[in-house]
C-alpha cells in the first residue's frame, strides 16, 4: 500500500485504514509517531476533513497521558495530515478476541483493566484549562479505540470529540460505533456527552469480558433496533463467569437502558469496578 509521507517524516510501515483515514507508523524527529491522512476517496468529503481537524484541535487542547500527544498537523499537495505520538498497547478489540484462547483475561486482571479504563476516562472528563473545565467528550469509544499496555489505558481516534466552545450546529446525528452507543443517542434524544461516553466504555469493557459484542443481533440494522429499543444483552453480562461480582454489577448498572438508572459518571464507574 503506497502512503504519501509528509516532509520531515520517515515511513516505517502502514498500519491500516479506517472509515476516513489511512494510518502509518512513522519516524518524526527520532520519535515513533502515528501519521493520519485522509483516504483518497475521502479527500473531497467535508466530514472527513472536519474529523481530522477536530482530532488535531482536541489533542492540542487536552494534554494527558491517556491521549496521544499532538506532534504536528498541516496540509500538503496530497491533502491534510496529522502526526501524533504513537500510543503503545493492545486494543480492547484484540483483548476481547483473545478470550477464546489461553491469553484470556479474567478475575482480578480483568477487573484491574476495567477500573483503570474508567479512571482514565474520569481524568479526561475532568480536564480543565485556563478558562475552566474543557468538558471533553470522546464521542466514539469502542473496543478498537481503547488501548491497554498492562499498566495504563489510552484512548485514540478522537475525530468525533467534543469540548466546551466547539460549534456543534453542524454535528447533528453523530453517535459513535454500534453497538457501543447509548440508546438515547440512537433514538436522537440528545447529543453525545460525558455520560454517553461512560456507557460506551462500559459496553467496550463488556466486549472484553464476553469475548463478543454485548448484543444478540449480528447485522448493523438489527443492532440499531436492538440497542435503541431493548438495550444491550445484560443477561449475558450477568452470566459472565470471568467477571467478579462487583465489576459485574457495576457494568450492568452502567449499561442500564434508562439513563436515570445508570452510574452518573466515569469516577463512579471506576469506584464501582474497583469494589
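Structure notes:
- Highest-first arrangement of 234-241, 80-87, where packing means the average Cβ count within 10 Å: 80-87, 234-241
- In terms of surrounding Cβ atoms within a 10 Å radius of their Cβ, 242, 230 rank from fewest to most as 230, 242.
- Between the beta carbons of residue 190 and residue 88, assuming R0 = 30 Å, the FRET efficiency works out to 0.30 to the nearest 0.05.
- Global form of the stretch 1-151, assessed from the alpha-carbon gyration tensor, a/c cut-off 1.5: oblate
- Three-way shape call for the stretch 9-85 based on the alpha-carbon gyration tensor, with the a/c threshold at 1.5: oblate
- The long axis of helix 194-210 is offset from the longest Cα principal axis of the chain by roughly 70 degrees.
- Among 11-20, 153-162, the peptide with the highest mean count of other Cβ atoms within 10 Å heads the list, and the full ranking is 153-162, 11-20.
- Mean Cβ count within 10 Å, highest first, over the residues of peptides 131-142, 68-79, 114-125: 114-125, 131-142, 68-79
- Anisotropy class assigned to the chain is prolate, per the alpha carbon gyration tensor with a/c at or over the 1.5 cut-off and a/b larger than b/c.
- Helix-derived mean residue ellipticity, 222 nm - over the chain, DSSP H n ≥ 4, -39500 (n - 2.57), to 500: -10500 deg cm²/dmol
- Compared with the dominant Cα axis of the chain, that is its longest principal axis, helix 107-125 is turned about 60°.
- Annotation for residue 2 and residue 106: the two label points, set 7 Å from Cα along the Cα-Cβ direction, are 5.0 nm apart.
- Helix axis angle, 245-254 relative to the chain longest principal axis, alpha carbon, degrees: 70 degrees
Values in this text are rule-based calculations from the coordinates and carry no lab data. Since the structure is predicted, the reported quantities are computational estimates derived from the model, not experimental observations. Note that each Cβ is placed from the backbone with ideal geometry, even for glycine, and that neighbours are counted across all protein chains shown.
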